Structures are given as C-alpha cells and as structure tokens.
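Undergrad: Encoded as structure tokens, here's the structure I'll be asking about.
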Amino acid sequence: MASFSNTSHSSGIDFHDRYITPIGFHPDVIATTGSNLQRNKTERTRLQGLMRTGSATDRIGSPNSTTMGWKAKYQAWMVNEGGKKIFFSVFILLHLLVLGLSFLNYDLNDNLVKARRTFGVTYPIARAAALVLHVDAVFILLPVCRNFISLLRRTPLNDIIPFDSNLTFHMAVAWSIVFFTLVHVVSHMVNFSKLAISLANPPTASNIITQFLVANFTTGPGATGWIMTTSLGVMVWFALEKNRRKPNGGFEKFWYTHHLFIVLFINWQLHGMFCMIKPDRPPYCSYNNIGVFWRYWLVGGVIFVYERILREVRSRHRTYISKVILHPSNIMEVQIKKEKTKIRAGQYIFLSCPEVSYFQWHPFTLTSAPEEDYISVHIRILGDFTAAFARALGCDVSNEKGNKDDSSERGSVGSQVVAPPLHRVLPRVMVDGPFGTASEDFFKFETILLIGAGIGVTPFASILKSIWYRLNRLNGTEKPTRLSKVYFIWVIRDFGTAEWFHSLLHAIEEQNVDNQIEVSIYLTATIREDDMNNILVQDVGAERDAITSLRAPTHFGRPNWDRTFSGIVGRHPDTDVGVFFCGPAPLSQTLRAMSNKYTTPKGTRFFFGKENF
C-alpha cells in the first residue's frame, strides 16, 4: 500500500518502482479507480500468510464443476443452497396441495350445490384461497418468535431448517397472505355482484349497486373483511423497504402499524362466524365449520404471547448503563450491566430506551464477549431512534451529521468517553435477549473466515474477543475449541470507521504468537493526494501500518475473493470452513456465490452464514 521499492535495490524506497509494478499485479486487491499506491518491500514482509504474493496458493483454481458427477454436484449444492431451497419448495408444495384439494372439495361437495349454483366457480376459488390463508396463519408468527428460534437453532433441526432465514420466511408468508387475500377478495366481489343481481327487485342498476354495497359493508363477513383488508394494506405499505428506511419516522411507522395484526386477527376470527353462505342441509353452522381461525393461530399465537410476556419480565431486570464512548464516524459504544444475562459470542439483543420511546425495540449486535462482565453494543448514529438515544446519553453529534469528508480529521481525534452532566442520571434501558444468529456457530469449525463491511463488523468484535480469550486461556474455564485458524477481513470506506475497532485488533495481534488469527483490512474509498503522499512517506521502512498501526498492512481496493477462497482451499484441504458475513446484500450474494464455487463435497467445504435480524 505504501511506498515504492524494487527487490533489486537495498534501500527501502525507490521511486522508479512506482511505474514498474502497477497495483493491478498485486493479486490480493482489485484496484479502485485512480489509486496509485504501491507495495514496498517492508510491506511485503508484513503481509499475512494468505495474502503473500507469489505463494503456491496463487495457483489454486476453482473446482471444475464440469468434472463432478451429479452426486458430487448435489452434495456440494446441499452445503449452502440445498436445505433452504428444499424447505421453501416444501412450503410452496404445501400451498399447492391445500389450494388444489380444497378447490376440489368445495367444487364437488354435495352439500354446497346451492352456493355453486348461485355464485359459480368463484365460490370454490374464494373458499380455497381462504383455507390457504388459514395455513399461512400457522406460520406467520413463528419466524418472529426469536427465543423459540434461538432454542431450535441448538437442535438437530438446524441442519434441516434454515432458521437463520427466519425473517425471509416471515416475508414470504406475508406476501403469500397478500396474494391469496387478493384472490379471496376479488372472488367475493364477483360473488357479491351475483348476489346483488339475484336480490335486486326490480333488477335496476341502482338496486343492484345498493344490494352490492349492503353485502359489502352491512353484513358481518363484508364489514370484517374490509377491516382486515385495510389493516393488511396499511401493514404491507409501511413494511416495504423503501418506506421502512425513510428518514423522519419511517421505521417508527412500520413498527407501530405492524401491530395492526391484532386487529386483523380479531376480525379474522369473527369473519367466518356469521355463516352468511349456508350449506344445503343441517347442521348449517356448526362449531366445526365456522370461526375456526383460532385453531390455526393457536400454536404460533401462544408462543408469540409467551415471548411478549418474557420480554416484559426481562425488561424489568435491573439494568444500567456503565459507560458511553463516542467513537469517530458517529459510532457510539454503550456498555451495559444487566443481571441474569448469559450471552454467547455472535448473538444480538433488542434494546429499548423508555426516555426515547417505551414501545420501540431495536436490534443491535453484541460486541462484548461472554468472558466479560458487561454487555456492549456499538451503534451507528444514523436514524431517528439512534440520534434521540445518543442525545439522551449525552453524546453531541451535531458537528458530525452530514459531514462525510472529515473522517480522516476525526480519526486523529479518537474516541471520547462521554461523561454525563453533573447531577444527571443516565436514562434507563431495557434489554430483551440475547438471541442466536448464524455467527454463533463459529466454534463448530476448525477454520473460519469472518468478513465485515463497515459497521457490519460488530458481530465479529464479540467473536474475536471470545476467540482471543479462549486461545490465550483467559476465560477462566478453558473451554475446549476445535478452532485452529481464523481469517478476518474488514472492508471499510474511510479511516475513522476503523478506529473504534483498532484496540481489539492491536490486542489480538500482540498475543497472536502462533499466527492463529490473520487480519486483513481493505480501504475502498478514494484517497486524497495529500493523504496519499503522507501515507507513502510514513510507511517507508516502518514495521507498522501508517493508518491502523497494525503490523498487517492496509490494502487499498476491493478484496480479490477468488484469491482469498482459493488460498484457503490450498492451505486447508479437506476442511469444513465457516464463512460468516455481516454487511450489504450485494456483497452477501457475492460471498455466497464464492462459497458455492469453491466447495467440493470430498474436499474443502465452505458453509456460508449471514447476519439477518
């Protein structure tokens, strides 16, 4: 990254090397536009093992899928994609079976001849869609029961069901409810039109419209149906990502309107109890065929209610903030003391501050290790809640908002412990959790690859701390671990983003005698000319990086993922490697594709996991 040298020269700096060895020839980096920083020989000696140029791992290519048989391809596909795809396929198949069989039942049942004669094919379509909606009601609440999911993650079911995609599954069920609600509503609008025509006397246009409106808004099924549809529409609208991420209360609107599901469920139960369309013979409206929604909602609803009660109990545990640290780039660290809390590395909590909002709970990844006597979170002050929370804790971020170009200057200032004003008590916080994530499974592997992008590094702070404690036998219990090698890659855009994490990396590097943890930091932002020249001068002959003060040099540009994964294949043959990522979706898709590309069933297998909460 820094200055210029040539292996034929004895000096640490040689300006001609700048033009001889372009950065594109350094295989660990995909160069950013306009970058002209080169590696000198001092930096080459400081490169971590996986990033050394000219090593044998550079010649390792990706597995040739064309040479694998169908069985090997299937086994490789099952590592990351198979379980998720099969589970979702079973979910779709269940819907198709319920839809098809229920349609045949309502279309052929000899007790519904009168209804079919009056309404036609739209009657069995509406009823079949309603039954599919009842099946969706079984699943809609379970994915957001996080204690339940965390418990199941520790069972053998975790190898079959993709619990880490719980929110994706929740959204899939929600969109299924939206689709079949439209089918149900449109079908019944046709049915109500036919009913209005049959009841209009005389069958004039005004009488037909009147009867149509009466059926829609004065009957029990019609009124409850429109309340349900309106509630669902409001929930879906504010849950859309573009609306949920809007500034000035976007998330708050999503959070509060999502509780309209209570109104939806109550009217759903009432919707079928009016028995508007009766069977041809008695019993016309028995308890077995009307108002049966509670049977489908019962399991998920009981678990959901239990979790909400558990949240209220946990929120009343004795909790107080012990320290607040304001880091550069609007990163706030909050250290919390909480009784009756046992955490595992890689987990997350839900946090609420009654002084800001009693009803809002926001998820944050834990950055503290289980071996520490407190829990901590690092919060990027970006949205309405985080800004209000920062102000309540006494953090002055007024000079930092909207200023994206001062990261280098802020980096020189460093972190600041925030002292509360005299005679002022820090606000109370309520904590729910912790809850499990994909990163929690890091201890199952001998080799792991941790990849964080920007503030997405927070889950790995907890993991790296815990690994550091274990490898150095500082956890008091000396827990056994299979883990023998850790590759940590951090992709950041500016200098300031990295500063709050440097102290941990320094501690790891100092105690990393056996090189069990390899750290690589990639800086992707365009470097200003003055900063570039300053880095070049300071890095010549230095034993530590000019930006991070680590022995491992900072890489300028985006990581060369092909070289990273192929290097791991070369160094760890016949090994299961855990790949854990937290960051933006596009990079997640790239890493998942790389994990699949370099996985061989009888060789190195890459198990990909992404933080999702």
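Undergrad: Give a quick list of GluC sites (Glu not before Pro) in the stretch 292-365 that DSSP marks as loop, anything other than H, G, I, E or B, with at most 12 other Cβ atoms within 10 Å.
TA: Glu339
Undergrad: How far, in nm, would the chain grow between Ile197 and Tyr358 when pulled straight, counting 0.36 nm per residue and subtracting the alpha carbon separation?
TA: Full extension of this stretch gives 52.8 nm more.
Undergrad: Also, quick follow-up: Please work out the FRET efficiency for the pair Thr118 and Arg154, using the Cβ-Cβ distance as r and a Förster radius of 35 Å; give the result to the nearest 0.05.
TA: 0.05
Undergrad: At what distance in nm do the modelled label points of His258 and Cys275 sit from each other, each positioned 7 Å from its Cα along Cα→Cβ?
TA: 3.9
Undergrad: Could you please state, rounded to a whole Å, how far the C-alpha centre of the stretch 218-249 is from the C-alpha centre of the stretch 85-108?
TA: After rounding, the separation between the Cα centres reads 26 Å.
Undergrad: Ranked from highest to lowest mean number of other Cβ atoms within 10 Å per residue, what is the order of the peptides 199-205, 555-561?
TA: The packing order, highest mean first, is 555-561, 199-205.
Undergrad: At 1.4 Å probe size, with the rest of the protein present, what percent of the exposed accessible area of the stretch 193-320 is carbon and sulfur atoms?
TA: 69
Undergrad: Also, quick follow-up: Within 10 Å, count the other beta carbons around each residue, average over each peptide in 68-76, 169-177, and list them highest first.
TA: Result, highest mean Cβ count within 10 Å first: 169-177, 68-76.
Undergrad: Let me ask something additional. Ranked from highest to lowest mean number of other Cβ atoms within 10 Å per residue, what is the order of the peptides 152-159, 186-193, 361-368?
TA: Packing proxy ranking, top to bottom: 361-368, 186-193, 152-159.
Undergrad: Using the beta-carbon distance between Lys323 and Thr218 and R0 = 56 Å, what value does 1/(1 + (r/R0)^6) give for FRET efficiency, to the nearest 0.05?
TA: Efficiency, from the Cβ-Cβ distance: 0.35.
Undergrad: Moving to a separate point now. Just grab the label-to-label distance for Ile86 and Ala239, each label 7 Å out from Cα along the Cβ direction, in nm (one decimal).
TA: Distance between label points: 2.9 nm.
Undergrad: Along the Cα→Cβ direction, 7 angstrom out, place labels at Glu339 and Val178. What is the inter-label distance in nm?
TA: It is 4.5 nm.
Undergrad: Among all the lysines, which ones have a C-alpha under 19 Å from Lys465's C-alpha, if same-chain residues fewer than 8 places away are not counted?
TA: Output for Lys465: Lys323, Lys337, Lys342, Lys444, Lys479, Lys485.
The values are calculated or read from the model by the stated rules, or taken from the named source; none is laboratory data. What you are looking at is a predicted structure, and each value in this text was computed from that prediction instead of being measured. Here the Cβ is made from the backbone with ideal geometry for all residues, glycine too, and neighbour counts use every protein chain on show. The accessibility values were calculated without ligands, DNA or RNA, using every heavy atom of the protein model including side chains. Shrake-Rupley method; radii C 1.70, N 1.55, O 1.52, S 1.80 Å.
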